[in-house]
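Visitor: Structure provided below as structure tokens; questions to follow.
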Amino acid sequence: MKRVLGIILGGGAGTRLYPLTKLRAKPAVPLAGKYRLIDIPVSNCINSDIHKIYVLTQFNSASLNRHISRAYNNNGFTDSFTEVLAAQQTKENPDWFQGTADAVRQYSWLLEEWDVDEYIILSGDHLYRMDYRKFIERHRETNADITLSVVPVDEKVAPAFGLMKIDGNGRVVDFSEKPKGDALRAMQVDTQSLGLDAEQAKTKPYIASMGIYVFKKQVLLDLLREGKDKTDFGSEIIPDAAKDHNVQAYLFDDYWADIGTIEAFYEANLGLTQQPIPPFSFYDAEAPIYTRGRHLPPTKMLNSDVTESMISEGCIIKNCRIHHSVLGIRTRIEADCTIEDSLIMGADYYQDYDKRLESIKNGKPPIGIGEGSTIRRAIVDKNAHIGKDVMIVNKDRVEESNREELGFYIRSGIVVVLKNAVIGDGTVI
């Protein structure tokens, strides 16, 4: 895998994940209490012996830069690296990134310098564990110009994806973006040719793109130069290339979630608490997920009832009930609180005792969840100041609401408390 260069697409402004992307790039959004989204593709690369990795981004990249430099700081004695390439304006390219393909095109001069055979292009907002070595081996065995990783899907979810048809050799022969009705049924394929058994092929007769690609080096560079007006891989570059290039499909038949929306992000995080076996597990010694080491103290729980939950390190939890929730690093929850079906992201720092007293004296709740508060079906971003006797329960069952001036949004019925928000004592949401 020394002949492969990894390129992770950090995505655009992350509007579907807003307000979690208000102050950070999408790949820097916290995940599972202690990780960030970017840790998934980077860890998959490292576990697959791909050690040359670029991350392309252009929005709110400060925290992403900081995380990558601290988590993946190589020793400098090898050509291994994980680096952020932020959008920049030049005389040749005065515009910001216009799409996935345009982002790679604007840095093609740098990518071309590397003596590699393939580029593997990955997304920064998916949750999955994949050995890219098998993916690349299939690419080489079929002498493909481009190989797409695909997942089999059923008729219920198929209209939400870009679908494709393949011939008996796995070569992609047709594309359709989010088809419906007759156009959808026309995209059915026999997925047994990709390795599914007859029963699986019957229930999942469609194949959807995961947005993960392997390109031969020169093929990618040529396509980007020839199609200067094409800005997206999935809808433009690859469908056009399939006409006269060998474009192959590689089946990934395991857990994969696109967590680019608030609802999907919420479900993926809480799914980690599932028993006995969650759909995705961070407890795999053979393929660990890496992140920044923070050297935090153990979590302290005083007379608390915790069920079906994940608690990160460095938390302080007092006399409360926590059920089906994920608590991030440095989370502090005071007495008589109830946390259910929620993701609490924690804090970037501790407030010492004097600072907490000073904050209360000034009429501002300290960082954490105050006494007697109840939180259900919510995401509480980092450094939130939740006062005493607060109810965050979406009591009116609102589906969508923008209340940024009050410190929260509601997305798909999920209350999202903003980073650094202050929710005063007795507030009911």
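Read-outs throughout are calculated quantities, based only on the coordinates presented, and are distinct from any laboratory measurement. Quantities reported herein were computed from a predicted structural model and do not represent experimental measurements. For neighbour counting, all protein chains shown are included, and Cβ atoms are generated from backbone atoms with ideal geometry for every residue, glycine included.
Visitor: A 22 angstrom limit on the alpha carbon distance is what I want to check against. Which of Lys26/Lys228; Lys165/Lys228; Lys364/Lys388; Lys134/Lys202; Lys22/Lys382; Lys34/Lys361 exceed it?
Guide: Lys26/Lys228; Lys165/Lys228; Lys134/Lys202; Lys34/Lys361
Visitor: Want the number for Ser281 to Ile316: 0.36 nm per residue separation, take away the alpha-carbon distance, what's left?
Guide: On the way: separation 35, 0.36 × 35 = 12.60 nm, distance 2.45 nm.
In short, 10.1 nm is gained.
Visitor: Order the peptides 280-293, 308-321 from the highest to the lowest mean number of other Cβ atoms within 10 Å of their residues.
Guide: Descending packing order for the listed peptides: 308-321, 280-293.
Visitor: A follow-up question, please. If we count every other residue with Cβ under 15 angstrom of Ser312's Cβ, Lys/Arg +1 and Asp/Glu -1, where does the sum land?
Guide: Numbers: positive: Lys34, Arg36, Arg292, Arg294, Lys300, Arg330, Arg332, Lys382; negative: Asp39, Glu313, Asp348, Asp381.
Value of the local net charge: +4.
Visitor: Please compute the modelled spin-label separation between Ile360 and Ser193, points set 7 Å along Cα→Cβ, answer in nm with one decimal.
Guide: 6.9
Visitor: Moving to a separate point now. Among Glu199, Glu155, which comes first, second and so on when ranked by fewest other beta-carbon atoms within 10 Å? Could you put the intermediate results ahead of the total?
Guide: Values: Glu199 8, Glu155 13.
Lowest to highest Cβ neighbour count: Glu199, Glu155.
Visitor: Nothing charged except the Cβ atoms of Lys and Arg (+1) and of Asp and Glu (-1): what's the magnitude of the dipole of region 79-226 about its Cα centre? Round to the nearest 20 debye.
Guide: So the dipole magnitude of region 79-226 works out to roughly 500 debye.
Visitor: Only helical DSSP H runs with n ≥ 4 go in: add -39500 (n - 2.57) per run for the chain, normalise by residue count and round the 222 nm mean residue ellipticity to 500 deg cm²/dmol.
Guide: Using -39500 (n - 2.57) per qualifying helix, the result is -5000 deg cm²/dmol.
Visitor: Looking at the chain, send over the antiparallel percent of its DSSP beta bridges, to the nearest 5.
Guide: 40
Visitor: Let me ask something additional. With a Förster radius of 41 Å, plug the Cβ-Cβ distance of Leu406 and Glu155 into 1/(1 + (r/R0)^6) and report the FRET value to the nearest 0.05. Could the numbers behind the result be given before it?
Guide: Numbers: r = 41 Å, r/R0 = 1.01.
Here the calculated transfer efficiency is 0.50.
Visitor: If each residue's Cβ is checked for other Cβ atoms within 10 Å, how do Ser108, Ser373 rank with the fewest at the top?
Guide: Listing Ser108, Ser373 from fewest to most nearby Cβ atoms yields Ser108, Ser373.
Visitor: A further question on this structure: List the aspartates and glutamates whose Cα lies under 18 Å from the Cα of Lys178, skipping any in the same chain that are fewer than 8 positions away.
Guide: Asp154, Glu155, Asp232, Glu236, Asp240, Asp258
Visitor: At a 4.7 angstrom Cβ threshold, list every cysteine in the chain that has nobody to pair with, or say none.
Guide: Here Cys45, Cys315 come out as lacking a disulfide-compatible partner, given the Cβ-Cβ threshold of under 4.7 Å.
Visitor: Still on this model: Placing unit charges on C-beta atoms (Lys and Arg positive, Asp and Glu negative, everything else neutral), compute the dipole magnitude of region 266-404 about its Cα centre in debye, rounded to 20.
Guide: 460
Visitor: Assuming R0 = 45 Å, can you tell me the calculated FRET efficiency for the pair Lys300 and Asp244, based on Cβ-Cβ distance, to the nearest 0.05?
Guide: 0.10
Visitor: Same structure, new question: Which of Met301, Met130, Met345 has the fewest other C-beta atoms within 10 Å, and how do the rest follow up to the most?
Guide: Met301, Met130, Met345
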